[in-house]
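Here's the structure we're looking at; comments come further down.
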Amino acid sequence: MGKKEKSDKVNNTVLVNKTAKFSTIDAPGVKQPEPKKEVENAPVASSSAARKGLQGRRAISSGGPLIETGKSIGGDSFVERTANPEWLVNRVSVYETIKARRSEELALKNPVNITVTMPDGKVLEKDKKGEPFQAWKTSPYHVACAISQGLADNSTVARVTYKSFVGDYDPKMDGMEGLSIMEEMTDDAESGEGEGSKALLWDLTRPLVGPVAKLELCKFADDKDAKTVFWHSSAHMLGEALEHLYGCKLTIGPPLAGGFYYDSFMGTDAFREADYKPVEAEVKKITKQKQKFERMVITKEEGLELFADNPFKREILKTKVADGTRTTVYKCGDLIDLCRGPHVSHTGKVKAFAATRHSATNWLGDTDNDTLQRMYGISFPDNKMLKVWKENQEKAKERDHRRIMEKQKLIMFHELSAGSAFWLPHGARIYNKLVEFIKLNCWKRGYTEVITPNIFNLNLWHISGHAMHYKDAMFCFDVEGQEWAMKPMNCPAHCLMFANSIRSWRDLPIRYADFGVLHRNELSGALSGLTRVRRFQQDDGHIFCTEDQIEAEVLGALQFMKYVYGIFGMSYKLELSTRPEKALGDIELWDKAEAALASAMDNFSGKGSWVVNPADGAFYGPKVDIKVMDAMDRVHQCATIQLDFQLPIRFNLEYNTGSKEKGKDFARPVIVHRAMLGSVERMFAVLCEHYGGKWPLWLSPRQVILIPVHADFNDYCDEIRQKLHDEMFYADADLSKEKFNKKVRNAQIAQYNFQFVVGKNEVENRSVNIRTRENTNEGELKVDDMIAMLKKLRDEYK
């Protein structure tokens, strides 16, 4: 979401930022959440799809009619803040009428016996009383109770893989066809289900509709989908509170990667920080009431009647729900909302809640549409988690890379080149060290560094397929009547290099490393420090190999990754993202590639040490998702290992197999996209926050400062500074007229790794007295021994 693009200092200016998703207003002191980061090497970017048509829209074939923009639909539906408006009662009355119809339909269903298989392979058929499990009656909660009440009470949501549906179940009649309305309305929403996955997220209290091949009971503490569902339910509770307190007209309220928000129409009114406590108090009441989350299927016509007092919900129904079809709503208390679900069983599960910030936005992200008010929140199953979260938020503020890079004078930005970092001398030192570190390790691992052009005729991107999917994210311009563009990634250029010569199987694998400058045309409102920029570099690598070499090359890339993040002191988790529903290429090749990746991951870290992310691979090949954790246990996706079957086809890449058999004499290589840092800019930001600005010696832009106890020793300090400079260390000498204690304090604030104090004894002994950044005194050391110590630390990346 939008961030101030020039400065992070709080000022009195209100900035309107038009982004790919929403137009947001940054008020003083209000920060928007950062946008989700896309994999740097991916040839197809989902953000480009969002930019087709109007900003804030998703351009998808199943999206239905377009919602008309550039008009106001809120009108006088909200005039002033009104507590518990009459339309809440009317809406519940309509709901109960519709519910009676659904109850009549349910009464006609045939409750046949079913079996439920648990993840450990155990098959369950009866509850503790010996009653058989039945479709239309037995829910995942009932199954959990058959195991233990504690398991049932501690589960958030179920993940169900059906063997089959019972004969009288119709997904269309159950509102289960197509995409979630929430997914269509916003790119911010966390889906919770991988596209094409056979497993369905299912309310714990919703009856099962067939024999179950696998039932997983997901808990908030250790399951991403459970967190998404929990925060989605919390968004509904926030919406209920906003309706109770102010009579807001709710629009959409999705879960995010860490929390949730709800957008409301309030006419010319707006949220204030003073609204947070009343909202939190109202949510606390809702929690105590333990309101059940009820799922109900409705027709389009019923929905229009149900939301007669909400023009935004009616607009969604008119444009996103086809005539003659059904969708779903969820009810908790007197809140009734269009929603695909699933949700927690009741509001009592949300025991800790906080309103965190607010902002203004626009309906569908179009500034010509109604202005909406957004309130963000966070919630947890217990108060201890909320307390830890608040503590981490404070730590995160202290470690914010934008704060550190300004304080340490590492980087600057300027409005005349928004989204492109100016690397100041000390920042450039860190940047270059990171690149040198990767280049050295690429050399050791058999990579050949190449340099490719920055601009290309757009025909290259038509061949690669990027022009169709990615053009809006590219800087394009005219050259002698033809369209050219600055490159947003390196892979097509590497394909041209591979195709430039006749290749033999003996040449493979070919490993190219490229550190060229890339440009992506991010919208100004999406720019955010170094995490979302327009100009950046990657430690880009592309391996051209045979199918039989995939496993070895992936294993090599994983070992490379382990070494790099071991140096950084960061842990990681691995996921194998497999063939999606709309995958291109031969299924047999996909299966072989996935098996090779799985084998490489087993060899690398052992069986059971990684998880499968089903159907979440790119359309052009499976991938290894590498989630790294920093010092604050935050998850980042920086490194990537991605197989690609499609670019070799698009560029007609071949190598001679050595076979004499006709038709088998040439074969296509497989491309392994790999990056260890990903974007160097983004990794710089991650490391800045990971170290909290306290850089290890090998990366530090301020390694040593010499501090004389008296001006008489200035010349000696300058001599040693020059000697360290000649040994390629970043050394300074504080020869100012400040008092000694002030010099020491300044050095500590500036995060010098070492302070070398010099007095009469040190000059006579040709030594220095060593103090560390943590203000511990290491004693006196001869200059040559001191240099040897520093070299050892640098060579060992410490």
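Details
- ALA83 vs. criteria surrounded by fewer than 14 Cβ atoms within 10 Å (Cβ to Cβ) and under 30 Å from PRO381 (Cβ atoms): yes
- Complete set of residues in the stretch 394-421 that are without any contact (Cβ under 8 Å) to a residue 40 or more places away in the chain and surrounded by 12 or more Cβ atoms within 10 Å (Cβ to Cβ): LYS409, MET412
- The sole residue among LEU558, LEU574 that is under 23 Å from the mean Cα position of the chain (by Cα), on the phi < 0 side of the Ramachandran plot and part of a strand (DSSP E or B) is LEU574.
Residue-wise test of (1) touching a residue at least 24 places away in the same chain (Cβ under 8 Å); (2) touching a strand residue (DSSP E or B) at 6+ places or on another chain (Cβ under 6 Å); (3) acidic (Asp, Glu); (4) over 28 Å from GLU436 (Cβ atoms).
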position	(1), (2), (3), (4)
ALA499	yes, no, no, yes
ARG503	yes, yes, no, yes
TYR512	yes, yes, no, no
GLU551	yes, no, yes, yes
ASP591	no, no, yes, yes
ASP602	no, no, yes, yes
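- If you go through the stretch 119-151 and keep only what is surrounded by 14 or more Cβ atoms within 10 Å (Cβ to Cβ) and touching a residue at least 60 places away in the same chain (Cβ under 8 Å), you end up with PHE133, ALA135, TRP136, LYS137, THR138, SER139, PRO140, TYR141, VAL143, ALA144, LEU151.
- Residue satisfying condition, being open to solvent by less than 20 Å² (accessible area, probe 1.4 Å), among the hydroxyl-bearing types (Ser, Thr, Tyr) and within 25 Å of GLU391 (Cβ to Cβ), within set TYR276, TYR330, TYR376: TYR376
- Test set (1) open to solvent by 10 Å² or more (accessible area, probe 1.4 Å); (2) assigned to a helix (DSSP H, G or I); (3) at pLDDT 90 or above - GLU588 fails condition number: (3)
Rundown of residues vs (1) at pLDDT 90 or above; (2) of a type outside the set (Gly, Ala, Ser); (3) surrounded by fewer than 16 Cβ atoms within 10 Å (Cβ to Cβ), yes/no style:
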position: LEU523; (1), (2), (3): no, yes, no
position: SER528; (1), (2), (3): no, no, no
position: ASP539; (1), (2), (3): yes, yes, no
position: HIS542; (1), (2), (3): yes, yes, no
position: CYS545; (1), (2), (3): yes, yes, no
position: GLY556; (1), (2), (3): yes, no, no
position: GLY566; (1), (2), (3): yes, no, yes
position: GLY569; (1), (2), (3): yes, no, yes
position: ALA583; (1), (2), (3): no, no, no
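- LYS573 vs. criteria farther than 22 Å from PHE645 by Cα and out of contact with any Gly (no Cβ under 6 Å at 6 or more places or on another chain): yes
- Qualifying residue in the stretch 431-441 (condition: in contact with a helix residue (DSSP H, G or I) (Cβ under 8 Å, 6 or more places away or on another chain) and on the phi > 0 side of the Ramachandran plot): no
- Qualifying residue in the stretch 621-632 (condition: of a type outside the set (A, V, I, L, M) and open to solvent by 50 Å² or more (accessible area, probe 1.4 Å)): no
- Filtering the stretch 336-370 to residues that are among the hydroxyl-bearing types (Ser, Thr, Tyr) and either in a loop (DSSP other than H, G, I, E, B) or open to solvent by 10 Å² or more (accessible area, probe 1.4 Å) (or both) leaves SER345, THR356, THR367.
- Considering the stretch 650-748, the qualifying strands (runs of 3 or more DSSP E), each wholly inside and each with 2 or more residues that are open to solvent by less than 10 Å² (accessible area, probe 1.4 Å) and of a type outside the set (Ser, Thr, Tyr), run over 670-679, 704-708.
- Number of the condition not met by ARG102 [criteria: (1) open to solvent by 40 Å² or more (accessible area, probe 1.4 Å); (2) in a helix (DSSP H, G or I); (3) charged (D, E, K, R)]: (1)
- Segments classed as strands (runs of 3 or more DSSP E), wholly inside the stretch 450-520, with at least 1 members that are under 29 Å from LEU530 (Cα atoms) and open to solvent by less than 20 Å² (accessible area, probe 1.4 Å): 482-486, 510-514, 517-519
- Screening ARG314 with (1) open to solvent by 20 Å² or more (accessible area, probe 1.4 Å); (2) in contact with a Lys or Arg (Cβ under 6 Å, 6 or more places away or on another chain) gives one miss only, at (2).
- Subset of the stretch 219-250 [of a type in the set (A, V, I, L, M), within 18 Å of ALA352 (Cβ to Cβ), under 28 Å from the mean Cα position of the chain (by Cα) and at pLDDT 95 or above]: ALA226, VAL229, ALA235, MET237, LEU238
The values are calculated or read from the model by the stated rules, or taken from the named source; none is laboratory data. Because the structure is predicted, anything quoted here is derived from the model rather than measured. When we count neighbours, we look across all protein chains shown, and the Cβ atoms used for this are built from the backbone with ideal geometry, even at glycine. Calculation scope for accessible area: heavy atoms of the full protein, side chains included, ligands and nucleic acids excluded. Shrake-Rupley method; radii C 1.70, N 1.55, O 1.52, S 1.80 Å.
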